[in-house]
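For reference, the structure discussed in these notes is given below.
No value in this document is a laboratory result; all are computed from the given coordinates. Everything numeric here is computed off the predicted structure, so don't read it as measured data. Note that we place each Cβ from the backbone using ideal geometry, even for glycine, and neighbour counts take in every protein chain shown.
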Amino acid sequence: MAADRTAEGAVATATTAATGAAAPRRRPLQPHGRATPYLLAAPALLLYGAFLLFPLGRAVQYSLYDFDGLTVGTFVGLDNYVAVVADEGLREAFGHALVLVLFFSVIPVVVGLALAALLTRAPVRGLPAFRTVVFLPQVIAMVVVAVAWRRIYAPDGPLNTALRAVGLDGLARTWLGEFGTALPAVGLIGTWVSTGLATVLLMAGMARVPRELYEASSLDGAGPVRQLVAITLPSVRPEMAVALVLTTITALKTFDLVYVTTGGGPGTSTTVPSYEVYRRAFELGQVGSAAAVGVVLTVLVLLVTVVVTRVVDPTRRDER
C-alpha cells in the first residue's frame, strides 16, 4: 500500500511538472504596449486639438491685442477684458443671454418633466410617434426654425390672424419689432425647440425607475404629486442635469436665431454675446474685442455647467 501511494505521488508530481511546463507563460508587458491606448486615442486628440484647442488658444491670443484682423495688432494686455466689463452694451447682452436661459432651459425642463411623468404613467397609444414629433425641432436647422417663426410672428402672420379671429385684436402686435416683446418672443422659440430634448431625456430616466416603488408608495397612501417629489425627481437627477446643461449652453451661445429673427433689434433689446462677437469682428473690425467677448462667454459657459451639474446632481460629486 505504501508503494502504491508512493507511485501515485510520483505520477501526480510528474503530471504537475508536465502541465506546468506545457502551460503558456504570461509575457511581461512590453514598453510599446503601455503606449497602445495613447496611440489609439491620438487621431481623435489631434482633431480635437486642431479644431478646438488651437482656435481657442488663438482667440485668447487675439484678445490681448488691439487687432482689426488685417493689419498688425498692438499688444494691450487685459484692456479688452476691462472694456468688456465696463461696456454697458455688453453687460446688457450678457443679461439678455441669462434671460434666454429661462426660456431655453428652465421652462423646457419643467414642462418636459410634467410631460414625461404623464406619458410614462398613463397608457398612451402611439408613444414612439409622439416622441418623434416632440423631438423633431432638435433635428431641424435653427436657421430654418428662425425663418418659420419669423413668419409666424409677422404682423399678418398666423399668430396675429388667430388672435383677430377670436376677437383679441388688442393683443395683435409686431412681436419681433417691439422693445417689450422681442426678447420674450425669441425666448419662446427656444422653449419650443428645447422642450422635446428635455422630455425625451426625462422619459428615458423615468423608464428605468422600478414600478414596484410606485406601487409600494401607493399602498402607503402617496398620491401622484408625492410620488413625483419623493421617487421620480431623485431618480432622474442625472437626466435633469444633462438636460439643463445642454439647454443652458444652447441659450448662452445662441446666435443664428437672433441673427435671423431680429438682428439684435429693435435697438439693442435682443443682442446677445455671440451676436456681439460677430458684430464686432465682421462689422466693426474689432477682432481683439470680439475675441475677448468670446473668451468671457466660454468661461461663463464652463462656470454655469459646473454649477448646474453640482447643484442638480450632487451624487456625481460624492462618487468622485
With labels modelled as points extended 7 Å from the Cα through the Cβ direction, what inter-label distance (nm, one decimal) is found for Ala41 paired with Thr74? 4.5 nm
Note, Leu98: beta-carbon cut-off 14 Å, +1 each Lys/Arg, -1 each Asp/Glu, net +1
Net charge of Cβ neighbours under 12 Å - reference Leu197; Lys, Arg +1; Asp, Glu -1: 0
Plugging the Cβ-Cβ distance of Leu56 and Asp220 into 1/(1 + (r/R0)^6) at R0 = 45 Å yields, to the nearest 0.05, a FRET efficiency of 0.25
GNM on the chain, C-alpha springs below 10 Å: top fluctuator among Ser105, Ser218, Ser235? Ser218
Segment 75-319: relative contact order as a whole-number percent, Cα under 8 Å and 6+ apart: 29 percent
Which distance in nm do the two modelled labels at Ile140 and Ala83 give, with both placed 7 Å along the Cα-to-Cβ direction? 3.9 nm
Compute a Gaussian network model of the chain, connecting alpha carbons closer than 10 Å, and tell me which residue from Phe54, Phe94, Phe104 fluctuates the most. Phe54
Going toward the positive end of the dipole of the chain, with +1 on Lys and Arg Cβ and -1 on Asp and Glu Cβ, which of Leu102, Val209, Pro238 do you reach last? Val209
What is the ratio of the Cα radius of gyration of segment 146-290 to 2.2 N^0.38 Å, where N is its residue count, to two decimals? 1.46
Potential lengthening between Val229 and Arg173 on full extension [0.36 nm per residue; Cα-Cα distance subtracted]: 16.1 nm
Only sites in a loop by DSSP and with at most 11 other Cβ atoms within 10 Å count here; which trypsin sites (Lys or Arg not before Pro) in segment 160-259 make the cut? Arg208
Give me the extension gain from Arg310 to Leu213: residue separation times 0.36 nm, minus the current Cα-Cα distance, reported in nm with one decimal. 32.3 nm
Which of these values of Rg and Dmax of the Cα atoms in Å was calculated from the structure shown: (i) 21.1, 69; (ii) 29.9, 114; (iii) 19.9, 58? (ii)
So how far apart, in nm, are the two label points at Val133 and Ala165 if each is 7 Å from Cα heading toward Cβ? 1.8 nm
Counting only other residues whose beta carbon sits under 13 Å from that of Ala116, what net charge do I get with K and R as +1, D and E as -1? +2
With Cα springs under 10 Å, the Gaussian network model of the chain assigns the largest mean-square fluctuation among Thr270, Thr305, Thr195 to Thr305
So for segment 149-217, what percent of the C-alpha to C-alpha distances run longer than 18 Å? 57 percent
As an exercise, find the ratio Rg/Rh for segment 231-275 from alpha-carbon atoms, using the Kirkwood inverse-distance average for Rh. 1.25
